[in-house]
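As structure tokens, the structure follows; a few thoughts come after it.
The values are calculated or read from the model by the stated rules, or taken from the named source; none is laboratory data. Keep in mind that what you see is a predicted model, and the values were worked out from it rather than measured. Heads up, the Cβs are rebuilt from the backbone with ideal geometry, glycines too, and the neighbour counts pull from every protein chain shown.
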Number of protein chains: 2
Amino acid sequence: MPPTIGGEGRFTLPGEAGREDETLALAEKWGADVIRDSDGTHLSPRILAGPYEIYSTLCLVRADQDFARAHPEFLQQKYLISDRCTAGGDGGPLTVDLLAGWFRQQFAIDFDHDPKRWWEIIDRTTGDVLQPREWSFDAGSGTATIEAPRPWHVYTVSFLVRQIWDPVSMYNHLTNAWTRDHVMAVDPRHPEVRRHLLEYLDRWLAEHPHTDVVRLTTLFYNFTFNFGPDARKRYVDWTGYSDCVSPGALEQFAEEYGYRLRPEHLVDEGLFNYPSRVPTDEYLDWMEFTQRFVTDFGRQVVQRIHAAGKKAIMFFCDHWIGTEPFGEYFSRMELDGLANPVDWGSQARRIALAGRRAGGITTEIRLYPYFFPVDLGGSPVFRHGGNPVRDSIRDWMKVRRAVLRDPVDRIGYGGYLSLTLDHGDFLDHVADLAEEFRDIHRHAAGTMPACAPFRVAVLNAWGELRSWITEEWRGGGLAEALSGLPLEVDFINFDDVRSLRAGEGVGVVINTGGAGTAWSGGRHWTDPAVVSAVRRFVAEGGGFLGVGEPTAAPHGGRFFQLADVLGVERETGHTTNWTRPAAAAPERHFILADQPGRLDLGPAADRVYPADAATEILAGDADNVLAAAHGFGRGRAVYLAGFTASPANTRLLLRALLWAASREDALHNWFATNIHTELAAFPGAGWACVINNSPAEQTTTVHADAARSLELTLPPHGCRWIEIGQFPNG
Amino acid sequence: MPPTIGGEGRFTLPGEAGREDETLALAEKWGADVIRDSDGTHLSPRILAGPYEIYSTLCLVRADQDFARAHPEFLQQKYLISDRCTAGGDGGPLTVDLLAGWFRQQFAIDFDHDPKRWWEIIDRTTGDVLQPREWSFDAGSGTATIEAPRPWHVYTVSFLVRQIWDPVSMYNHLTNAWTRDHVMAVDPRHPEVRRHLLEYLDRWLAEHPHTDVVRLTTLFYNFTFNFGPDARKRYVDWTGYSDCVSPGALEQFAEEYGYRLRPEHLVDEGLFNYPSRVPTDEYLDWMEFTQRFVTDFGRQVVQRIHAAGKKAIMFFCDHWIGTEPFGEYFSRMELDGLANPVDWGSQARRIALAGRRAGGITTEIRLYPYFFPVDLGGSPVFRHGGNPVRDSIRDWMKVRRAVLRDPVDRIGYGGYLSLTLDHGDFLDHVADLAEEFRDIHRHAAGTMPACAPFRVAVLNAWGELRSWITEEWRGGGLAEALSGLPLEVDFINFDDVRSLRAGEGVGVVINTGGAGTAWSGGRHWTDPAVVSAVRRFVAEGGGFLGVGEPTAAPHGGRFFQLADVLGVERETGHTTNWTRPAAAAPERHFILADQPGRLDLGPAADRVYPADAATEILAGDADNVLAAAHGFGRGRAVYLAGFTASPANTRLLLRALLWAASREDALHNWFATNIHTELAAFPGAGWACVINNSPAEQTTTVHADAARSLELTLPPHGCRWIEIGQFPNG
């Protein structure tokens, strides 16, 4: 079944005016069916007139710079926090230079909205909020002054700014040393702005007859991307809801929710509700409030695009605040598709899942490298010293295995096409990669691959809302390893877990992360209903996999609250004087069977020790357990002190999950023995795909089940489709 | 000045009946002036009649076993906690086998004092204490039953036991496979017991005319030493106050302090107020209450010993509860001396300081190896496979440097002298060691060595009460390194620090330990008065040295509360998305000058990063700082991510303290350049001592000051005294 956008080419090419010949030649070579523009490029009539569907990038909030310049009162706003300032010992006034830690070309302090009403100065030493009469501000110098600070206390100022430079545009500008004017974004919370943007949109639609698909980049509010005084990234949060704050929005929030948000609810001690923070109720309200607004206005935008006979896709990055694809409001926008930059398998799984949740809309992954001279980390790609083929293979090896588990519809690239032209090896490589991608769809034929006979549920404070995001936005070893395993994966939160029962689909609950983070769960683990529910689940036959500091919260004499389930506990300095239980350390275990050497789990929690003599230490020793297995009731638990994605660890994970679920018997169903190889079988379509994730030739035995197998050899990074009928009868 | 106990021999020999010839020959060879008995040995008339002062060991509470056996109601008591028991899902009764985790030969459950009144059953999942009607107990089976536990909640029972085997005696018994009856200890809280013990003492004194010194081992209540069901150590706390608990004591406490202690105040979530726990007010009250009782009755004991014309020393181990040498009640016992087992320099400093604090009473360190077949860890010493000379040198290298900084009066040994007789090399070695020790006193002539021109204050939640104890009772690398450095060291608590001012003697405050422990300080760091006081101290010119997780407590957006002083902060997962300040990493620094290679600080806090661009990273990198230096006001701070005692780290510490105190100029005052050597100068006596702490020959330059130096070579483990007049004029 072809996607609703594009055709069998499944490939989106970034076109470039002035490079018409090359654009059209590469479209042919790479099998493109869609041509798009990018930030900084545009398409010429000759390209637009070709046989390709045309994506046109549109970022409404920064589309009309004249309007933005004429209305500084409509610029987007946010709260910043000043540097932490320590008062001296003399009791004299403490003057805080508010923007000392920030990039003055990005932010302008908002003195128009009364600082005494909208700002907050907090004594971080006591937690007290200062009374307005205790401080003053000076618009000329951009400072606030605490008249009589308490000696040696630390103070911060939370203050409103206007964003006078759109952050992603700023990033592109600085990265490419552009000289054009600084781009600014307006805030559609203002009715005047919404009216203007819709008028602009209507005009734009009329002026773009060749555009088939409007590629919204993204919607209205950018992820948090704050630069420091050195004009370089200082703070970034790809999932933050800080850039949609304004006095108007806060007033509206108070009206709808019946309470006022304080600046502190958004500034969060200067930690800005980073996704590792266990989200507060207030912040979750703020997210929901924002989602409703964004998707409401987003729907109006999409409706007008549809009315103009065009389709609408959303580029799932940049201005994506409020467009949570797993939130309850997303699908009402009725988008036709989603596109997402992807260099990790977990991201590919996220976008594939999002498309399905939104009703089966088209999903497209924009692959790296982006056609820029340097990458996001500043390393050379399409300039001297770069190696775009190496970079692409590195990413594709991560992404391919995930796409085989949940195929996205399309791939594409972005940036300056002209930069690629000197890299003939890259041009050939992309042609091969595109064909490999299309081959997946040809063989899978719209079916889904075979999976283990149980689902896996990743438990954290975010749950489904942040599906496929674990420790960090980019990757997190565990989600990455999972993304290519034959497993259906749910993401659940601490409300969901309360009703979880064994035998109802979920076979193993995973909890991974550092103590006190949203990923591990922090204070949720002190909730009796939570620990009881997980104990019940495991005791009744379920499995539990804890990684790092699972279930961690100092409470009731325990640090790992489910030490009784996991069979391990972590030393925090208070039990050094207890003799450790004499746990066994078996030399062989189902979980360890394919390990080529000593476990290397990467940075691991230290000082984990057995909490029970029945614990089996699989790696490490009684003072530093690296891996352990433990029974609890009719169920089982596995502990890993850390996890990084590697072939050996990915196999370890698969085996750990099968063992925890008491389904070791299912290992050989559609399985490739060599840890550098994986098998994805599409029984409904009669095909199976074996991939070699390594840069070396690999020989592997592929199993249809325990009885039926084939041996084969794959070239480096190779991929081979096998007709399922070729497997011998068992 | 000779000590008040013993003479110029300064050596206490453990005699052994049946080995009279050998005892007397070794007394001659080792220069002993005192002969003692040990647990398991006694002295015969021929030894007693010799020219030696006689120490006789007496442990009153376990001296009269007939009395203990006749009065089980007087046995010592304590609270134990049951294993943590997880209730099942059916809501059925949960029966807890109270002693399942403990050694049934050590403890008998006390059902005589009404369990419903004296026990506590706690739902550790909620923290709720169960009502007495919610549970029952059964004396026959030694169980308690919770009638209707909440499904999947975890329960513990805190219950009273009688100690039916004195723990140190039990340890000696099991270690040496004795077959004698189990020794039990009685509790002098009972007036009948006190009366009986004093009568026994009077009789004993009359029956021991040859005894010159009564060596009390120790007083009345043993440190916590609980065995598990495998008859091996399960939990030990050398400083715990759990073994002096009884209903009578608790009633008396309630009367004196006006509130009742709950079992939980003593059981402490099963963590038993281990010294790493930040002590609660209730526990500190309990310690004070116990100290008053112990020293009151201890004074009565000492007075009777004095009345009998004998002296009294206390062996500072075993039954030492309540005899805190730095508490306010200790000196009123009017002991004549203190003895302490010592295998670390920090312990030698502790006992030397204790003797001074108690008015200059005699201090004696009992060296290791103890004359037992195996050591405390079970490794062979005086049996096949052991090497007592190697063990002794290992310890003496740690102890000698500390004794040079604060000379204790005497040394000695304990155990079965007969075990040493086959080890001729050990007999010669001890003769040399004893002479080396006496040489210190001959040269120092009662004077103290020269020190740096400022004091160092170690700040933790215990302060002076636990002087020279840091991370663990035994050692703690930092205290160990400090013990031999030319520094006067104070131990201060979070009350003391409030009034600390720069320029009044203390040059550097040290804070070292893991987050949340009493050593680092835990909740004390959220006290505004504490952080303000330390900031003031440093800003006004003081120094601060933080090691590991200093000032750590998550509060107000910070983990290291004094990140502004230290210049570093630790990542707890919430600031991974911040670009680290661009701190400098100088190649040379005063602190690093003598480092022979890369810093090896041992297990270190990870993910420490610069909090300020002005921080200097001395080792590690911006994501994992190992050592850093930072200015704050007129003062300076140094951070070390870990610390283990080694020659290189000891030098690092000295330099870090001098730099933090802004007294780099003082480095060369009485200084040996080679890191394996140290110099202790006694200017008042005209002598300086150079020691070689290493097993290799070392050449070193010894400085009287920056201008005057000598070069010399020392044999392995060597020690040389130099007349100060031999230094050239500057």
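Here are a few things to note about the model shown:
- The sole residue among A:Arg394, A:Arg349, A:Arg390 that is without any contact (Cβ under 8 Å) to a residue 60 or more places away in the chain and under 20 Å from the mean Cα position of the chain (by Cα) is A:Arg394.
- Flag if A:Asp496 is surrounded by fewer than 21 Cβ atoms within 10 Å (Cβ to Cβ) and not assigned by TED's automatic domain parsing to the domain that holds A:Gly642: no
- Qualifying residue in the range A:421-433 (condition: surrounded by fewer than 18 Cβ atoms within 10 Å (Cβ to Cβ), not aromatic (Phe, Trp, Tyr) and not assigned by TED's automatic domain parsing to the domain that holds A:Lys398): no
- Looking across the range A:198-218 at every residue that is over 29 Å from the mean Cα position of the chain (by Cα) and crowded, with 19+ Cβ neighbours inside 10 Å, the one that is nearest to A:Lys311 (Cα to Cα) is identified as A:Thr211.
- Applying the condition of being in contact with a Leu (Cβ under 9 Å, 6 or more places away or on another chain) and away from chain B (no Cβ under 14 Å) to the range A:81-99 and asking which residue is surrounded by the fewest Cβ atoms within 10 Å (Cβ to Cβ) yields A:Leu99.
- For the criterion of being aliphatic (A, V, I, L, M), outside any helix (DSSP H, G or I) and either free of Cβ contacts under 8 Å to residues at least 24 places away in the same chain or at the interface with another protein chain (Cβ under 10 Å from one of its Cβ atoms) (or both), B:Ala553 fails.
- Boolean, B:Val538 is within 12 Å of chain A (Cβ to nearest Cβ) and either closer than 19 Å to B:Gly345 by Cα or assigned to a helix (DSSP H, G or I) (or both): yes
- The one condition in (1) more than 14 Å from every other protein chain (Cβ to nearest Cβ); (2) part of a loop (DSSP other than H, G, I, E, B) that B:Leu26 fails to fulfil: (2)
- Residue list for the range B:497-517, restricted to those being hydrophobic (A, V, I, L, M, F, W, C), within 25 Å of B:Ala627 (Cα to Cα) and either more than 9 Å from chain A (Cβ to nearest Cβ) or part of a helix (DSSP H, G or I) (or both): B:Val497, B:Ala502, B:Val506, B:Val508, B:Val509, B:Ile510
- The C-beta contact set for the range B:166-178 (first residue surrounded by 19 or more Cβ atoms within 10 Å (Cβ to Cβ), second residue among the small types (Gly, Ala, Ser), distance under 7 angstrom, 6+ apart or interchain) comprises B:Asp166/B:Ala185.
- Count of the range B:100-114 residues which are surrounded by fewer than 20 Cβ atoms within 10 Å (Cβ to Cβ) and away from chain A (no Cβ under 13 Å): 7
- Within the range A:14-32, the residues that satisfy the criterion of being in contact (Cβ under 8 Å) with a residue 24 or more places away in the chain and of a type outside the set (Gly, Ala, Ser) are A:Pro14, A:Glu16, A:Arg19, A:Glu20, A:Glu22, A:Thr23, A:Leu24, A:Leu26, A:Lys29, A:Trp30.
- Scanning the range A:600-611 for residues that are modelled with pLDDT under 95 and on the phi < 0 side of the Ramachandran plot turns up A:Asp600, A:Leu601, A:Pro603, A:Ala604, A:Ala605, A:Asp606.
- The range B:219-233: number of residues that are among the hydrophobic types (A, V, I, L, M, F, W, C), buried (at least 23 other Cβ atoms within 10 Å of the Cβ) and within 14 Å of another protein chain (Cβ to nearest Cβ): 1
- Residue satisfying all of: in the range B:234-261; facing chain A (nearest Cβ under 10 Å) and in contact with a strand residue (DSSP E or B) (Cβ under 6 Å, 6 or more places away or on another chain); farthest from A:Thr576 (Cα to Cα) among these: B:Gly240
- Strands (runs of 3 or more DSSP E) contained entirely in the range A:580-676, each with at least 3 residues that are in contact (Cβ under 8 Å) with a residue 60 or more places away in the chain and more than 14 Å from chain B (Cβ to nearest Cβ): A:635-640
- Filtering B:His182, B:His190, B:His208, B:His173 for residues that are on the phi < 0 side of the Ramachandran plot, in contact with a helix residue (DSSP H, G or I) (Cβ under 6 Å, 6 or more places away or on another chain) and in the same structural domain as B:Pro380 (by TED's automatic domain parsing) leaves a single hit, B:His190.
- Test set (1) over 21 Å from B:Cys719 (Cα atoms); (2) at pLDDT below 95 - B:Arg636 fails condition number: (2)
- Test result for A:Leu24, closer than 12 Å to A:Leu417 by Cβ and modelled with pLDDT of 90 or more: yes
- Of all the criteria given as (1) hydrophobic (A, V, I, L, M, F, W, C); (2) assigned to a strand (DSSP E or B); (3) away from every other protein chain (no Cβ under 14 Å), the one not satisfied by A:Ile121 is (3).
- Matching residues, the range A:177-195, being assigned to a loop (DSSP other than H, G, I, E, B) and not charged (D, E, K, R): A:Ala177, A:Trp178, A:Thr179, A:His182, A:Val183, A:Met184, A:Ala185, A:Pro188, A:His190
- For the range A:266-305, taking the residues that are within 14 Å of chain B (Cβ to nearest Cβ) and in a helix (DSSP H, G or I), the one that is nearest to the chain's Cα centre (by Cα) is identified as A:Tyr283.
- Residues of the range A:335-360 satisfying the condition of being assigned to a loop (DSSP other than H, G, I, E, B) and modelled with pLDDT of 95 or more: A:Leu335, A:Asp336
- Taking the criterion of being farther than 23 Å from B:Arg84 by Cβ, buried (at least 17 other Cβ atoms within 10 Å of the Cβ) and touching a helix residue (DSSP H, G or I) at 6+ places or on another chain (Cβ under 8 Å), the residues of the range A:595-622 that qualify are A:Gln595, A:Leu599, A:Leu601, A:Leu618, A:Ala619.
- Being under 21 Å from A:Leu13 (Cβ atoms) and not hydroxyl-bearing (Ser, Thr, Tyr) holds for only one residue in A:Val374, A:Val399, and it is A:Val399.
Conditions tested, residue by residue: (1) outside the structural domain of B:Arg536 (by TED's automatic domain parsing); (2) surrounded by fewer than 21 Cβ atoms within 10 Å (Cβ to Cβ); (3) more than 20 Å from B:Gly345 (Cβ to Cβ).
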| residue | (1), (2), (3) |
| --- | --- |
| B:Asn624 | no, yes, yes |
| B:Arg634 | no, yes, yes |
| B:Leu653 | no, no, no |
| B:Ile675 | yes, no, no |
| B:Ala681 | yes, no, no |
| B:Ala685 | yes, yes, yes |
| B:Asn692 | yes, no, no |
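- Options A:Pro453, A:Pro528, A:Pro486: the member that is in contact with a His (Cβ under 7 Å, 6 or more places away or on another chain) and not acidic (Asp, Glu): A:Pro528
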